[in-house]
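Just so it is clear, none of the values below were taken in a lab; they were calculated from the coordinates. Given the structure is predicted, the values throughout are model-derived calculations rather than measurements. FYI the Cβ positions are ideal-geometry reconstructions off the backbone, even for glycines, and counts take in every protein chain you see.
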Amino acid sequence: MSAQLKLARNDEGEPEIFRSIQGEGPAIGRPRTFVRLSGCNLHCVWCDTAYTWNWTGTPFEHESRKKFDPSAEMIKLSAVDAAALIRALPSEGVVITGGEPLLQMDALVEVIDALRAHDPRRLVEIETNGSIAPSDGLIDRIHSFVVSPKLAHSGNDANLALKPDVLRRYAQLPTAVLKFVAKDAGDIETAAEIADRYGFPAQRIYIMPEGTTSDELRTRGSALIDATIAHGFNYS
């Protein structure tokens, strides 16, 4: 029996699978098919996809003060059916995002195998918060991991967000990069400390400003450039 995958719903109530241009990280500017999964083990106060985890009745805080009904925001599909929907939107690569995709590793392996059975060369990338270690089976199937450790301003406890063994595992993978959401230059210093502690070279570090509006991104972004350059990091 095919594994069940929990996906976010779009505004029309359909699985949130869509084509767009990657706006961040090492594949910025490239066409991608995005697959947004539902469920997350962390709870960022500024998360722009809180409808994937901030359910009614949970104690989690969010800047929007809005809660969501999981029956309205989540849909379950078999791995085979999910792969068919992805194939219907061809592009250079697929980005699995969330929520936190690694909560559904076994189902993802099935989805990727079903996808590659028809398109062996299709790239598959995963965006993850870096608190869950990938299985060997998943690693073998993924072109790149974009790992986004959550800093203090996310509102998550560091003991939950920053897992030393997991980050060391990602550091060993040449396919993994770190992407930090930063509010100020101090966050970049924290990012540099984390990168150094776990053995990530500067060329595998990406900095992006925190913000949900164009004005916020421009304002914060301009304050981050000098520190990003000083450390030799990438800016996204």
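Hey, among the residues in the stretch 1-49 that are β-branched (Val, Ile, Thr) and buried (at least 21 other Cβ atoms within 10 Å of the Cβ), which one's farthest from residue 78 (Cα to Cα)?
Just the residues of the stretch 1-49 that are β-branched (Val, Ile, Thr), to begin with: 17, 21, 28, 33, 35, 45, 49.
Retained after the next criterion (residues that are buried (at least 21 other Cβ atoms within 10 Å of the Cβ)): 33, 35.
Details: 33: 18, 35: 14 Å.
Out of the qualifying residues, it is 33.
Of the residues that sit in the stretch 130-150 and are out of contact with any helix residue (DSSP H, G or I) (no Cβ under 7 Å at 6 or more places or on another chain) and in a loop (DSSP other than H, G, I, E, B), which one is surrounded by the fewest Cβ atoms within 10 Å (Cβ to Cβ)?
Among residues in the stretch 130-150 that are out of contact with any helix residue (DSSP H, G or I) (no Cβ under 7 Å at 6 or more places or on another chain) and in a loop (DSSP other than H, G, I, E, B), the one surrounded by the fewest Cβ atoms within 10 Å (Cβ to Cβ) is 140.
For (1) within 20 Å of the chain's Cα centre (by Cα); (2) within 28 Å of residue 160 (Cβ to Cβ); (3) part of a strand (DSSP E or B); (4) not polar (S, T, N, Q), each residue gets a yes or a no:
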residue: 5; (1), (2), (3), (4): yes, yes, yes, yes
residue: 20; (1), (2), (3), (4): yes, no, yes, no
residue: 34; (1), (2), (3), (4): yes, yes, yes, yes
residue: 40; (1), (2), (3), (4): yes, yes, no, yes
residue: 47; (1), (2), (3), (4): yes, yes, no, yes
residue: 59; (1), (2), (3), (4): no, yes, no, yes
residue: 65; (1), (2), (3), (4): no, yes, no, yes
residue: 75; (1), (2), (3), (4): yes, yes, yes, yes
residue: 83; (1), (2), (3), (4): yes, no, no, yes
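Scanning the stretch 107-129 for residues that are touching a residue at least 24 places away in the same chain (Cβ under 8 Å), out of contact with any Ser or Thr (no Cβ under 9 Å at 6 or more places or on another chain) and either farther than 17 Å from residue 82 by Cα or not in a helix (DSSP H, G or I) (or both) yields a single hit, 119.
One residue is enough: does the stretch 83-93 have a residue meeting the conditions within 22 Å of residue 20 (Cβ to Cβ) and crowded, with 20+ Cβ neighbours inside 10 Å? Yes: the stretch 83-93 contains one or more residues that are within 22 Å of residue 20 (Cβ to Cβ) and crowded, with 20+ Cβ neighbours inside 10 Å.
Out of all the residues in the stretch 196-236, which are in a helix (DSSP H, G or I) and either under 18 Å from the mean Cα position of the chain (by Cα) or closer than 16 Å to residue 26 by Cα (or both)?
Residues of the stretch 196-236 in a helix (DSSP H, G or I): 196-198, 202-204, 214-231.
Of everything in the stretch 196-236, those that are in a helix (DSSP H, G or I) and either under 18 Å from the mean Cα position of the chain (by Cα) or closer than 16 Å to residue 26 by Cα (or both) turn out to be 202, 203, 204, 228.
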